[in-house]
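What follows is calculated from the coordinates using simple rules that are stated; it is not laboratory data. As the structure is a computational prediction, the values presented were derived from the model and not from experiment. In this analysis, Cβ positions are derived from the backbone assuming ideal geometry, glycine residues included, and neighbour counts consider all displayed protein chains.
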Amino acid sequence: MADSGQKRDEDAQPKSRNSWIVVGAIGALGFEFVGFVLAGLLVGSQIDAHFDSEPVGLIVTMALALLAVGWHSYLVIQRFLNNGEE
């Protein structure tokens, strides 16, 4: 019985995270942010060129890109905080 009590104490201790995992996750979010914004810029420019609606397509796609990157970042951060290793 003493062993089971000791095991519960070990499970209760918070897991230490490797600092490189945290740096990698933050760096990946930065690259994803840039990728989403560049994709919104390119798609918006193409929509504006096709429909001859100069700022409208760019504004709409940039707003959608920022919403998408915000939602995606939220999901990644939640998964990282819940699992501790992603």
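Could you tell me which residue of the stretch 23-52 is surrounded by the fewest Cβ atoms within 10 Å (Cβ to Cβ), considering only residues that are more than 16 Å from the chain's Cα centre (by Cα) and charged (D, E, K, R)? Of everything passing the filter in the stretch 23-52, Asp52 is surrounded by the fewest Cβ atoms within 10 Å (Cβ to Cβ). In the set (1) polar (S, T, N, Q); (2) surrounded by 15 or more Cβ atoms within 10 Å (Cβ to Cβ); (3) not in a helix (DSSP H, G or I), the condition left unmet by Thr61 is number (3).
Counting the residues of the stretch 21-35 that are in contact with a helix residue (DSSP H, G or I) (Cβ under 8 Å, 6 or more places away or on another chain) and aromatic (Phe, Trp, Tyr) gives 1.
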